[in-house]
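The next block holds one structure in the form of structure tokens; read it before the comments.
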Amino acid sequence: MLTLDYNKQQFIATMTININIAKHQAIAKTWLVLQEIQELEELTNKSDAVYHLPSIPTKLYLKEYKKIFGEDVDEQYIFQERADILSGLEKKDIISFEPEDFPGRISFTVTHLYYNYYKKIKRQFKQILPDMVEQENILEWKDLKLNLSKGTLQYKNNPPKDTSPSEEEIKFLALLMRAKRIVEYTEIARELKMNCYHSGVTNEDIARNVQYLRRDIVPILESVGMTRSEIKRMIVSIRNRGYKLRTK
């Protein structure tokens, strides 16, 4: 009976976390759209102007959207999410939306209700920002969990082990866990600010330096309960290119 109660509590806690994440994502993506609008409004300095958003966000905003939806999200999905948000704002009379300009651009004008709504979402975003940062710093791959905020690494139900997020090996692991794709040697060296990296360097030039990270992460992962065979299966070496974490 106690086990059932515990499992029920765990289920409720998980559901609560998932609901909160969904709410946070809704606020964050709305805030990003409003930031794009605000940037245009400040450039034109006219509240009654017709604004045009590109169908795909600029590089800076695209990076932020991918933090919300994941690195491997399709750009078309982001486009549709933004369009849905703008449609929702039109229903609230916050903007006047002109969808006939799809897919090349998104056109709209702001209304007198826009600025109050902007302030409201800004307040909400500030409230959830600490939780979002905390969530961004919790990385998972199957049964492996890296908490960069607390500085812990845990495998399955084994006790979490203290680790330093500033260690190159942990940075290397975090980079692979975030990317969910092949990360080339040059990108690893650049992101970790390794001494071997410089402009014009190639994968071949720095392969050996980065491979030392792959070697040195093994004892760290073993210390939390992973076997060598599990580690070998987890970190996939792509010949002459880099590494990725196995997805299946």
CD proxy at 222 nm, helix term only [per DSSP H run n ≥ 4: -39500 (n - 2.57); per residue of the chain; nearest 500]: -19000 deg cm²/dmol
Net lengthening on full extension, residue 127/residue 52 (0.36 nm per residue, minus Cα-Cα): 24.1 nm
Size of charge dipole - region 138-245 - debye, nearest 20, with Cβ of Lys, Arg +1 and Asp, Glu -1, no other charges: 360 debye
Using Cα-Cα distances under 8 Å and only pairs 6 or more residues apart, what relative contact order does the chain have, in percent? 13 percent
Got a sec? Charge dipole of the chain, +1 on Cβ for Lys and Arg, -1 for Asp and Glu; which of 37, 226, 165 is way out at the positive end? 226
List the lysines whose Cα lies under 28 Å from the Cα of residue 59, skipping any in the same chain that are fewer than 8 positions away. 23, 29, 46, 67, 119, 120, 122, 126, 171, 180, 193, 244
Rounded, prolate or oblate: pick one for region 192-248, where a ≥ b ≥ c are the square roots of the eigenvalues of its C-alpha gyration tensor, a/c under 1.5 means rounded, and failing that, prolate if a/b is larger than b/c, else oblate. prolate
Per-residue HN-Hα couplings for region 123-140, Karplus 6.51 cos²θ - 1.76 cosθ + 1.60 at θ = phi - 60°, whole Hz, x for Gly and Pro? 4, 4, 5, 4, 5, 8, 4, x, 5, 5, 4, 4, 5, 4, 8, 9, 10, 9
Prolate/oblate/rounded call for region 143-248, Cα gyration tensor, a/c under 1.5 rounded: prolate
When Cα extents along the principal axes in Å is calculated directly from the model, which label among (1) 58, 57, 34; (2) 51, 41, 36; (3) 63, 62, 28 fits? (3)
Given a cut-off of under 8 Å on Cα pairs at least six residues apart, what relative contact order in percent is computed for region 138-245? 26 percent
Rounded to 0.05, the calculated FRET efficiency for the beta carbons of residue 63 and residue 228 at R₀ = 35 Å is 0.45
Order of 208, 214 - criterion: other Cβ atoms within 10 Å of each residue's Cβ, fewest first: 208, 214
How big is the charge dipole of the chain about its Cα centre, in debye rounded to the nearest 20, if each Lys and Arg gets +1 on its Cβ and each Asp and Glu gets -1 on its Cβ? 880 debye
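Each reported figure results from applying straightforward, stated rules to the coordinates on display, with no laboratory input. Fair warning: this is a prediction, and the values are worked out from it, not measured in the lab. No Cβ is skipped: glycine too gets one built from the backbone with ideal geometry, and neighbour counts run over all protein chains shown.
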